[in-house]
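J.: For reference, the structure I am asking about is given below.
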Amino acid sequence: LSKVELRVSCKHLLDRDTLNKSDPCVLLLMQTQGQWMEVDRSEVIKSNLNPVFAKIFTVDYYFEEVQKLRFEVYDSHGQAGVGTHDDDFLGGMECTVGQIVAQKRVTKPLFLKYGKFAGKSTITIISEEISGNNGYVELAFRAKKLDDKDLFSKSDPFLEIYRIDDDRSEQLVYRTEVVKNNLSPIWEPFKVSLNSLCSCEEKRKLRCVVWDYDSRGKHDFIGEFFTTFEEMQKAMGENKVQWDCMNPKYKIKKRNYKNSGVVVLLDLKIHRVYSFLDYIMGGCQIHFTVAIDFTASNGDPRNSCSLHYINPYQPNEYLKALVAVGEICQDYDSDKKFSALGFGARIPPKYEVSHDFAINFNPDNDECEGIQGVVESYQSCLPKIQLYGPTNVAPIISKVARVAADEERTKEASQYFILLILTDGVVTDMADTREAIVRASYLPMSIIIVGVGNADFTDMQILDGDDGVLRSPKGEPVLRDIVQFVPFREFKNASPTALAKCVLAEVPKQVVEYY
């Protein structure tokens with residue numbers, strides 16, 4: 001999944017108003033299951049037939065899907081908002097997200113109902129993919145002693161920021177609100193993505209323009225200045241950065257001209273947003289633990305009907321699931337050592353029931369060398385244990401959570417923990433498990449549960465918070481959705497990669513949400 005930012009502008013819109021020009025607004029609709037649904041809408045631009053909208057539409061982009069979009073332009077009427085009546089409709093255009101992404105810039109004519117052209121009206125959509133190293137920046141501007149453009153009152157200033165692209169074209173990044181009747185306005189702080197502001201290039205030139213607002217759309221130019229994101233960053237902490245707001249015409253004409261006011265950047269905060277790849281490339285290690293269900297409901301391992309039966313020619317379902325998921329995880333684990341635990345069995349020497357034993361029977365070091373080491377430990381431990389019960393998984397979740405919490409406290413290199421639980425039935429200790437998952441959601445860990453065999457796993461879906469938020473018995477919600485549950489039978493005839501793809505799809509998002 002990637003996100004795409006869309007910017008919209010129009011030219012030669014129809015004039016629906018008798019006294020002044022149309023006040024356009026754009027609606028973005030998306031087709032879902034044959035129905036057009038409104039996703040978002042732009043601001044209203046007063047009295048303008050060639051609007052450049054400041055609103056940036058953000059859409060999810062799925063390479064493998066055809067995503068149909070429709071842009072509709074309406075003439076807005078003050079407080080009544082945007083009416084969707086035919087007489088307010090200035091035209092519409094349909095395309096797909098893929099077309100805009102492929103062409104980066106799409107200009108098309110606007111059509112009225114029944115395929116009629118809306119005069120010479122056109123709409124232009126410019127797309128930008130939000131890159132992985134993207135973050136956003138919060139900016140707070142004010143101005144001092146701006147030129148007065150109004151006869152009977154003071155100027156009504158607003159600020160626009162444009163990014164200058166490699167082809168010298170300018171993209172509107174942000175337009176502030178208008179501060180009425182004030183030559184030293186303080187504008188509201190605002191957030192923009194680094195991608196949007198400077199294409200994540202600190203030295204890219206930015207043009208900032210101050211205007212005196214006019215309700216008829218004929219804004220008066222007060223002045224402009226040029227800067228870069230690199231220069232803006234001097235405003236971090238207690239520092240402020242300021243620029244002379246210049247009117248080039250006055251500079252030529254007036255001998256003692258100094259400026260048309262000063263614009264000050266009061267504050268700048270950078271919020272970095274990292275992707276899963278950023279964490280992996282930055283040295284985050286994935287630590288992989290597998291937990292295997294050794295309860296009696298699996299059947300006697302010596303019997304070929306048992307889910308734990310070791311067939312020399314064909315791996316059982318436990319092994320298939322373990323290898324499919326483990327092989328992907330091992331690429332992100334530098335030491336290739338995996339913790340392997342068992343639960344629900346009586347174990348030597350005293351044959352007491354354990355819900356978190358090392359399957360290599362080494363209590364001081366439960367790690368195995370690679371996936372192959374886990375497979376060998378699993379096969380050699382089966383004859384030594386007695387399958388028993390019940391199916392309690394809370395102890396293992398809590399055990400991995402303790403390790404994750406210890407790692408988090410030392411904070412040397414970031415470690416992220418994935419716990420793969422392979423089980424043949426519904427857990428017995430559901431209340432304790434829910435409590436353990438809520439606690440774990442505050443730690444750097446994800447839990448994958450694969451249901452093996454043909455049991456009814458309906459109750460297990462509760463743990464996978466997809467159809468509602470998982471809560472502890474006391475009603476406390478999870479901080480992050482960290483559990484993915486999949487019945488193995490759905491992948492029995494598919495390739496091992498299909499299972500891995502399904503259960504691991506959520507992990508990158510869970511890592512990013514944690515950090």
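The values are calculated or read from the model by the stated rules, or taken from the named source; none is laboratory data. Values in this document were obtained by computation on a predicted structure and should not be read as measured data. Positions of Cβ are backbone-derived with ideal geometry, glycine not excepted, and every protein chain shown enters the neighbour counts. SASA here: full protein model, heavy atoms, side chains in, ligands and nucleic acids out. Shrake-Rupley method; radii C 1.70, N 1.55, O 1.52, S 1.80 Å.
J.: I'd like to know if the stretch 155-173 contains one or more residues that are in contact (Cβ under 8 Å) with a residue 24 or more places away in the chain, surrounded by fewer than 19 Cβ atoms within 10 Å (Cβ to Cβ), outside the structural domain of Lys46 (by the TED database) and of a type in the set (Ser, Thr, Tyr).
T.: No, the stretch 155-173 contains no residue that is in contact (Cβ under 8 Å) with a residue 24 or more places away in the chain, surrounded by fewer than 19 Cβ atoms within 10 Å (Cβ to Cβ), outside the structural domain of Lys46 (by the TED database) and of a type in the set (Ser, Thr, Tyr).
J.: How many of the residues in the stretch 444-461 are open to solvent by less than 50 Å² (accessible area, probe 1.4 Å) and not in a loop (DSSP other than H, G, I, E, B)?
T.: Just the residues of the stretch 444-461 that are open to solvent by less than 50 Å² (accessible area, probe 1.4 Å), to begin with: 444-453, 455, 457, 460.
So of that shortlist, the ones also not in a loop (DSSP other than H, G, I, E, B) come out as 445-451, 460.
Within the stretch 444-461, residues that are open to solvent by less than 50 Å² (accessible area, probe 1.4 Å) and not in a loop (DSSP other than H, G, I, E, B) number 8.
J.: Additional query: Out of all the residues in the stretch 496-515, which are open to solvent by less than 60 Å² (accessible area, probe 1.4 Å) and of a type outside the set (Val, Ile, Thr)?
T.: Residues of the stretch 496-515 that are open to solvent by less than 60 Å² (accessible area, probe 1.4 Å), as a first pass: 498-500, 502-504, 506-508, 510-512, 514.
The answer is Ala498, Leu499, Ala500, Cys502, Leu504, Glu506, Pro508, Gln510, Tyr514.
J.: While we're on this one: Which residues, counting only those in the stretch 298-317, are at pLDDT below 95 and assigned to a helix (DSSP H, G or I)?
T.: Matches in the stretch 298-317: Glu317 only.
J.: If I ask for residues that are exposed (fewer than 15 other Cβ atoms within 10 Å of the Cβ) and among the acidic types (Asp, Glu), which ones from the stretch 221-236 would you list?
T.: Glu230 - this is the single residue of the stretch 221-236 that is exposed (fewer than 15 other Cβ atoms within 10 Å of the Cβ) and among the acidic types (Asp, Glu).
J.: If you take the residues of the stretch 477-495 that are among the aliphatic types (A, V, I, L, M) and within 21 Å of Leu307 (Cβ to Cβ), which of them is most open to solvent (accessible area, probe 1.4 Å)? Can you show your working first?
T.: Step one: list which residues in the stretch 477-495 are among the aliphatic types (A, V, I, L, M), which gives 478-479, 482-483, 486, 494.
Add one more test, that the residue is within 21 Å of Leu307 (Cβ to Cβ), and what stays is 486, 494.
Details: Val486: 5, Ala494: 49 Å².
Looking at residues that are among the aliphatic types (A, V, I, L, M) and within 21 Å of Leu307 (Cβ to Cβ), I get Ala494.
J.: Taking the stretch 380-397 on its own, how many of its residues are open to solvent by less than 40 Å² (accessible area, probe 1.4 Å) and either outside the structural domain of Gln484 (by the TED database) or out of contact with any strand residue (DSSP E or B) (no Cβ under 9 Å at 6 or more places or on another chain) (or both)?
T.: Taking the stretch 380-397 first, the residues open to solvent by less than 40 Å² (accessible area, probe 1.4 Å) are 381-382, 385, 387, 389, 391-394, 396-397.
In the following step, the residues that additionally are either outside the structural domain of Gln484 (by the TED database) or out of contact with any strand residue (DSSP E or B) (no Cβ under 9 Å at 6 or more places or on another chain) (or both) were identified as 382, 394.
The qualifying residues number 2.
J.: Condition first: assigned to a strand (DSSP E or B) and either not assigned by the TED database to the domain that holds Pro24 or not charged (D, E, K, R) (or both). Now tell me which residues in the stretch 88-115 satisfy that.
T.: Here is the first cut: in the stretch 88-115, the residues assigned to a strand (DSSP E or B) are 89-96, 105-111.
The answer is Phe89, Leu90, Gly91, Gly92, Met93, Cys95, Thr96, Val106, Thr107, Pro109, Leu110, Phe111.
J.: Residue by residue through the stretch 89-132, note down the ones that are of a type in the set (S, T, N, Q) and more than 22 Å from Lys21 (Cβ to Cβ). Spell out how you get there, then give the answer.
T.: Filtering the stretch 89-132 for residues of a type in the set (S, T, N, Q) gives 96, 99, 103, 107, 121-122, 124, 127, 131.
Within the stretch 89-132, Thr96, Gln99, Gln103, Ser127, Ser131 meet the criteria.
J.: Asn239 passes all but one of (1) open to solvent by 70 Å² or more (accessible area, probe 1.4 Å); (2) closer than 27 Å to Glu5 by Cα; (3) of a type in the set (S, T, N, Q); which number fails?
T.: For Asn239, the failing item is (2).
J.: Let me ask something else. How many of the residues in the stretch 95-115 are surrounded by fewer than 17 Cβ atoms within 10 Å (Cβ to Cβ) and of a type in the set (Val, Ile, Thr)?
T.: Final tally of qualifying residues: 2.
J.: If we only count strands (runs of 3 or more DSSP E) wholly inside the stretch 1-53, which ones have 3 or more residues that are without any contact (Cβ under 8 Å) to a residue 40 or more places away in the chain and at negative phi? Steps first, please.
T.: Numbers: elements: 2-11, 24-32, 35-41.
Counting at least 3 such residues, we get 35-41.
J.: Can you report the number of residues in the stretch 410-436 which are surrounded by fewer than 24 Cβ atoms within 10 Å (Cβ to Cβ) and either without any contact (Cβ under 8 Å) to a residue 24 or more places away in the chain or assigned to a helix (DSSP H, G or I) (or both)?
T.: 9
J.: Please find, among Ser441, Ser377, the residue that is crowded, with 21+ Cβ neighbours inside 10 Å and under 15 Å from Phe338 (Cα atoms). Please lay out each step first, then the result.
T.: On the way: Ser441 fails: under 15 Å from Phe338 (Cα atoms).
Testing whether each residue is crowded, with 21+ Cβ neighbours inside 10 Å and under 15 Å from Phe338 (Cα atoms) leaves just Ser377.
J.: Hey, among the residues in the stretch 182-207 that are surrounded by fewer than 21 Cβ atoms within 10 Å (Cβ to Cβ) and hydrophobic (A, V, I, L, M, F, W, C), which one's farthest from Ile270 (Cα to Cα)?
T.: Only one residue tops the list, namely Leu183.
J.: Quick test of your reading of the structure: Ala118 fulfils all but one of (1) modelled with pLDDT under 95; (2) open to solvent by less than 50 Å² (accessible area, probe 1.4 Å); (3) not assigned by the TED database to the domain that holds Ile100. Name the failing condition by number.
T.: (3)
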